[in-house]
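Undergrad: Here it is, the structure in full.
What follows draws every value from the coordinates through simple rules; no lab data is involved. As the structure is a prediction and not an experimental result, all values here were calculated from the model. Counting neighbours? That spans all protein chains shown, and the Cβs are built from the backbone with ideal geometry, glycine included.
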Amino acid sequence: MTSTTLNSAVPAKPVKRRSAANSFTTGRIIRLAILIIGAIFFLAPYIFMLSTAGKGQSEIFTSSLSLIPQHFAYIENFAKAFTRVSMGGLLLNGVIVCGLILVFQVVVAIPCAYAMAKLSFGAARLMMALIMLGLLVPIHATALPLYVAFDKLSVLNSYVSLVAPFTISVFGIFLFLQFFRALPNDLIHAARLDGMSEIGVIVRVIVPNAWPAVTAFAIFSVVAHWNDLYWPLIVVTNQAYATPPLGLLFFRAAEAGDDYGALMAATFIITLPLVAAFLLAQKRFVEGITMTGLKG
Amino acid sequence: MADITAASIHAAKAKSRSTAERHEARNALILSAPALILLLLFIVLPVAGVVFLSFTDFELGYSGFKFVGMDNYTELLTDRTFRQSLWNTTVYTAIVAPVSIFMALGFAMLIEAEGIGRSFFRTAYFLPVASLLVAMATVWQYLFHPTIGPVNQFLALLGLPGPNWLGSAGTVLYSLSIIGVWQSVGFNLVLFLAGLTAIPRELYSAAEVDGAKSAFDRFRLVTWPMLGPTTLFVTTISIINAVKVFETVKTLTEGGPNKSSEVLLFTIYQEGFVYLRVGYASALTVVFLAILVVLTFIQYRVQDKQVHYA
């Protein structure tokens, strides 16, 4: 048994035992080759997006495989992307909508999860049943009645319609509930003895101690709602309230034909904020996905 | 002995407790009231509403409606679009879920075993999860372009004929599946990596002592069973997410060509929000919801049976 075959089978942490760390055996070369081919598959769209965003119309039609543009057309393409659709407005809408949703979700979910985890009350069982039910129900299932109701109330094409259905996150309550249960009761008793109200306990004891859960949930929520197309597509027809995915659909509609240069510039601008956030805070993202994933 | 002391403490506290308990219950109710109200308003009522509407002929823009009993459901049975849509969703899920699960598991094990470039590979594979799908779908449309697209240009270099990926009825579902796999592997991979890291090293040495000599034996005896809960979760979420495919279809194909990429959510969207046949779309939604309920129920059953090692 050589240490190389062992490594390829055993998902080992970088342990010292791997004396082969610097030597390239056949097994290791194959492993690296597979990983690199995989990375190319996952990164290729980004590479072509960046490359095509800098190409002029004619070049796109003649040489799509050369990655570096012969004549840099970045300025032209980005100018088109910025002028045809208000990119700033789209991104701002995205920030406003995701921000409002997150604030409401956290402010509603944390007290509820605290009550369910640390206080005893009659409605707790009913709440738990409703939450388990709610975890099953995506926006796609509630969209029709909500749309009819919002239409009757004439709130379509507004931030209210974009945000309201998501002010409650059963997943958030579920996640916080799991986290709060693990917090020691003594912590809360001590705070109460100091004369804190329940709100005081939540704000000054629970939230600071549950910070990892709050960041994890924040990442989960922002990624989900920044990317959501279904609900904005239904309630927004006015470009002024379009979120980034919907705005890109408008841009595609306005950009009839194959102006891929401008289209790639637009996709780049719209993709950048979240990707940049991910690259800057990778560790938090991965922790967040792991926590929300495994407990969800 | 311990029982007796516990019981006496219980009795002593009982008197002062009832008022404190009532106080606590009232506080708890106040704290959870906003969540309860919003839960009823935005989840319970709409679900009841969609079931109710599915028995009516309600259409948006027309005032009034009448009950039509099971008519919407019987129409479903003979609706060719719905059948096509259900079939396409099934095919898409049958491709995307297993491929993205096994690719993620394979890559996770390779990354875990490899010393160099761990964070680079993880970042590269995870990037699609953090990217706007509508935007990246647009990039894929360019990559898949029949004439100027890099994929077909590359195939041409090799002397191979490139298909009209998103434009022909025979390939469109597979092309969408490639995008689906590309988008979801990273999420599964991160979960598998966490699962792999949590497996105690000693188990591998123990398995080796017990005679698990080959790499495959150790995978079968240690890695696979230890990853059980992670795999179950990843499987459920992959299937559910695949059933919910919508963004790529809406952005790239609008269900075409000739309904060959019509999927469940897209059909619901068309019927309900484009043709405004709310009653009929509600019946479709009820079917969609039933599928989700069944999938979750299966997950719970499997979870109960599963032996937990960790």
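Undergrad: Using Cβ contacts closer than 10 Å as the measure, can you line up B:Thr147, B:Thr236, B:Thr251 from fewest to most? Could the numbers behind the result be given before it?
TA: On the way: B:Thr147 12, B:Thr236 18, B:Thr251 22.
Result, fewest neighbours first: B:Thr147, B:Thr236, B:Thr251.
Undergrad: Would you please put A:203-210, B:265-272 in order of how densely packed they are, using the mean number of other Cβ atoms within 10 angstrom per residue and starting with the highest?
TA: Final packing ranking: B:265-272, A:203-210.
Undergrad: Return the long-range amide H neighbours of B:Thr56 (sequence gap of 5 or more, or a different chain), with a cut-off of under 5 Å between placed amide H atoms.
TA: B:Val68
Undergrad: Return the loop-located chymotrypsin sites (Phe, Trp or Tyr not before Pro) in the stretch B:31-119 (DSSP other than H, G, I, E, B) with at most 15 other Cβ atoms within 10 Å of their own Cβ; answer none if there are none.
TA: On the way: sites: B:Phe42, B:Phe52, B:Phe55, B:Phe58, B:Tyr62, B:Phe65, B:Phe67, B:Tyr73, B:Phe82, B:Trp87, B:Tyr92, B:Phe102, B:Phe107; in loops: B:Phe55, B:Phe58, B:Tyr62, B:Phe65.
Here the chymotrypsin sites (Phe, Trp or Tyr not before Pro) that fit, given the DSSP loop and packing criteria, are B:Tyr62, B:Phe65.
Undergrad: How crowded by other chains is A:123-133, given as the mean number of beta carbons from other chains within 10 Å of each beta carbon?
TA: If you average over the peptide's residues, the count of other-chain Cβ atoms is 3.
Undergrad: As a check on your grasp of the helix formula, calculate [θ] at 222 nm for the protein assembly as shown: sum -39500 (n - 2.57) over DSSP H runs of n ≥ 4, divide by the residue count, round to the nearest 500.
TA: When only DSSP H runs of four or more count, the value is -22000 deg cm²/dmol.
Undergrad: Roughly how many whole Å is it from the C-alpha centroid of the stretch B:145-169 to that of the stretch B:172-191?
TA: So the two Cα centres are separated by 20 Å.
Undergrad: Still on this structure, I have one more. Along each principal axis of its Cα atoms, how long is the stretch A:84-295 end to end? Whole angstroms, biggest number first, please.
TA: Cα spread of the stretch A:84-295 along its principal axes, largest to smallest: 68, 43, 29 Å.
Undergrad: Cross-link partners among aspartates and glutamates for A:Lys118, C-alpha distance below 16 Å, same-chain residues fewer than 8 apart left out?
TA: A:Asp186, A:Glu198, B:Glu21, B:Glu24
Undergrad: Mind checking the mean number of beta-carbon atoms from other chains within 10 Å of the Cβ atoms in A:164-172? Don't jump to the answer; show the numbers that get you there.
TA: On the way: counts 3, 5, 2, 5, 10, 2, 5, 0, 1.
Shielding by partners across A:164-172 averages 4.
Undergrad: Please give every one of the aspartates and glutamates within straight-line cross-link reach of A:Lys55, meaning a C-alpha to C-alpha distance under 20 Å, and leave out same-chain neighbours fewer than 8 residues apart.
TA: A:Glu76, A:Glu255, A:Asp258, A:Asp259
Undergrad: Turning to a different aspect of this structure: Under the classification rounded if a/c is under 1.5, otherwise prolate if a/b is larger than b/c and oblate if not, where does the protein assembly as shown fall, given a ≥ b ≥ c as square roots of the Cα gyration tensor eigenvalues?
TA: oblate
Undergrad: Compute the distance from the alpha-carbon center of the stretch B:204-219 to that of the stretch B:100-138, in whole Å.
TA: Cα centroid of the stretch B:204-219 versus Cα centroid of the stretch B:100-138: 28 Å apart.
Undergrad: Residue-wise, which Karplus ³J(HN,Hα) couplings in Hz belong to the stretch B:218-230, taking 6.51 cos²θ - 1.76 cosθ + 1.60, θ = phi - 60°, and x for glycine or proline?
TA: Rounded to whole hertz, the list is 5, 4, 5, 8, 10, 4, 4, x, 5, 7, x, x, 4.
Undergrad: Something else about it: What list of ³J(HN,Hα) values in whole Hz, one per residue of the stretch B:237-247 in order, does the Karplus curve 6.51 cos²θ - 1.76 cosθ + 1.60 (θ = phi - 60°) give from phi, with Gly and Pro shown as x?
TA: Listing the rounded values in order: 5, 5, 5, 4, 5, 5, 4, 8, 4, 8, 3 Hz.
Undergrad: Something else: How high is the relative contact order of the stretch A:84-295, in percent, counting Cα pairs under 8 Å that sit 6 or more residues apart? Don't jump to the answer; show the numbers that get you there.
TA: Details: 179 pairs, mean separation 70.8, N = 212.
Relative CO of the stretch A:84-295 lands at 33 percent.
Undergrad: Also, I was wondering about something else. Counting partner chain Cβ atoms within 10 Å of every residue's Cβ in A:55-62, what's the average? Write out the running numbers ahead of the final one.
TA: Values: counts 0, 0, 0, 0, 0, 3, 2, 1.
Counting other chains' Cβ atoms within 10 Å and averaging over A:55-62 gives 1.
Undergrad: If you average the C-alpha positions of the stretch A:96-167 and of the stretch A:47-89 separately, how far apart do those two centres end up, in angstrom?
TA: 41 Å
Undergrad: Right, next: ³J(HN,Hα) across the stretch B:29-46 via Karplus (A = 6.51, B = -1.76, C = 1.60, θ = phi - 60°), whole Hz, x for Gly/Pro?
TA: 5, 4, 5, 9, 4, x, 5, 5, 4, 5, 4, 5, 5, 10, 10, 5, 4, x
Undergrad: Provide A:Arg284, B:Arg220 in ascending order of the number of other Cβ atoms located within 10 Å of each residue's Cβ, fewest first.
TA: Ascending number of Cβ neighbours within 10 Å: B:Arg220, A:Arg284.
Undergrad: I would also like to ask the following. Using a Gaussian network for chain B with springs between C-alpha atoms less than 10 Å apart, which of these wobbles most: B:Asn241, B:Asn188, B:Asn27?
TA: Comparing B:Asn241, B:Asn188, B:Asn27 in a Gaussian network model of chain B, the most mobile one is B:Asn27.
Undergrad: Within 10 Å of each residue's Cβ, count the other Cβ atoms and sort A:Leu144, B:Leu157 from fewest upward. Write out the running numbers ahead of the final one.
TA: On the way: A:Leu144 27, B:Leu157 9.
In increasing order of surrounding Cβ atoms, one gets B:Leu157, A:Leu144.
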